[in-house]
C-alpha cells in the first residue's frame with residue numbers, strides 16, 4: 001500500500017490488457033480503487049477487475065467507445081455514481097495501425113485521430129469537474145516519442161500522438177492549479193506479437209540503452225507523474241534514449 005494513493009479512485013482507459021492492465025494493477029497494489037475501462041475486451045476487463053479486488057480494492061468495469069461523446073459522458077457519470085469521486089485519470093487507450101501514406105484515406109485518418117486524440121480530449125473534458133473536486137486531481141496521458149520523429153508508415157498515429165502532447169500542455173495550463181496534467185511519451189515497449197525477433201533486435205539497437213522498455217518501467221513513469229505534486233505540463237520520454245539518436 002502507498003499511503004499517498006490509498007483510497008484514491010483511478011480511471012484507466014484501455015485497462016483490460018497490455019499496458020493499461022499493468023498500470024491498473026499497480027495502482028491497485030498501491031491502494032487505489034480502479035475503474036477499468038474497455039471497449040470490446042469485456043472478458044479481459046472482468047479478469048483485470050477480479051485481480052484488483054483480490055488486492056483488497058474496489059474495481060468495476062465500464063464499457064465505452066471513447067470517440068463517442070455521449071458514451072464518454074455516461075461513463076464518467078457512472079464512475080462518479082459508483083465510486084463517489086475521481087482522483088486520477090490515465091488516458092492510455094489507443095490504436096496502432098500501419099498506414100502507408102499513399103494508401104491512407106480520410107476515413108482512416110479520422111478514425112485514428114478520433115481513437116488516439118479525440119478520446120483523450122473527451123475523457124479529460126468530462127473528468128475535469130470530478131478531478132477538480134479531488135484533493136490533488138491528476139491526468140496522465142500516454143503518448144509516443146514517434147511524435148517527435150514520425151514514422152512514414154504510421155503517419156496518422158504519429159500525428160495523433162503529437163496532438164496528445166500538445167493537449168497535455170494546454171490542459172496543464174487550463175486546469176491548473178487544481179489538476180496536474182502530465183504525459184509519458186513511450187518508445188518501443190510492448191510491440192505487437194506478430195513482430196518478430198529480428199525486428200525487436202533492430203529496434204533495440206536504435207536505442208542508447210540497447211534494449212526495449214518494459215511495462216514495469218512504464219508503470220514507474222506513470223506513478224511518478226501521479227505522485228510528484230510539483231510536476232505538471234511535463235512530457236517524459238521513456239524510450240531508452242532513442243529520441244537522441
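Laboratory data are not the source of any read-out in this text; all were calculated from the coordinates shown. Everything quoted here is computed from the prediction, not taken from an experiment. For neighbour counting, all protein chains shown are included, and Cβ atoms are generated from backbone atoms with ideal geometry for every residue, glycine included.
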Hey, what angle do you get for helix 18-29 against the long axis of the chain, alpha-carbon based, 0 to 90 degrees rounded to 10? 30 degrees
Distance from the stretch 1-69 to the stretch 157-235 (C-alpha centre basis), Å: 19 Å
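How far, in nm, would the chain grow between residue 209 and residue 103 when pulled straight, counting 0.36 nm per residue and subtracting the alpha carbon separation?
Stretched fully, the residue 209-residue 103 segment lengthens by 34.7 nm.
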Round to the nearest 10 and give me the degree value, 0 to 90, for the angle of helix 119-133's Cα axis relative to the longest principal axis of the chain. 30 degrees
How many nm separate the modelled label positions at residue 82 and residue 217, each set 7 Å beyond the Cα in the direction of the Cβ? 3.2 nm
Output the 0 to 90 degree angle, nearest 10, between the alpha-carbon long axis of helix 215-227 and the longest principal axis computed from the alpha carbons of the chain. 50 degrees
With 0.36 nm assigned to each residue of separation and the Cα-Cα distance removed, residue 224 to residue 47 gains 61.1 nm
Give the calculated FRET efficiency between residue 110 and residue 54 to the nearest 0.05, with a Förster radius of 51 Å applied to their Cβ-Cβ distance. 0.80
Please arrange 121, 101, 22 by how many other C-beta atoms lie within 10 Å of their C-beta, fewest to most. 101, 121, 22
Length released on extending from residue 73 to residue 202, taking residue separation times 0.36 nm less the Cα-Cα span: 42.2 nm
Expected sort for 149, 204 with the fewest Cβ neighbours (10 Å cutoff) up front is 149, 204
Rounded, prolate or oblate: which fits the stretch 103-245, taking a ≥ b ≥ c as square roots of the Cα gyration tensor eigenvalues, rounded meaning a/c under 1.5, else prolate when a/b beats b/c? oblate
The chain: most fluctuating residue of 24, 80, 94 per GNM, C-alpha cutoff 10 Å: 80
Arrange the following residues from fewest to most other Cβ atoms within 10 Å of their Cβ: 75, 113. 113, 75
CD proxy, 222 nm, the chain: helix-only mean residue ellipticity via -39,500 (n - 2.57) per DSSP H run with n ≥ 4, per residue, nearest 500, stands at -14000 deg cm²/dmol
Scoring the chain by relative contact order with C-alpha pairs under 8 Å, at least six apart, yields a percentage of 17 percent
Hull volume per residue for the stretch 9-237, using the convex hull of the C-alpha atoms, in Å³ is 124 Å³
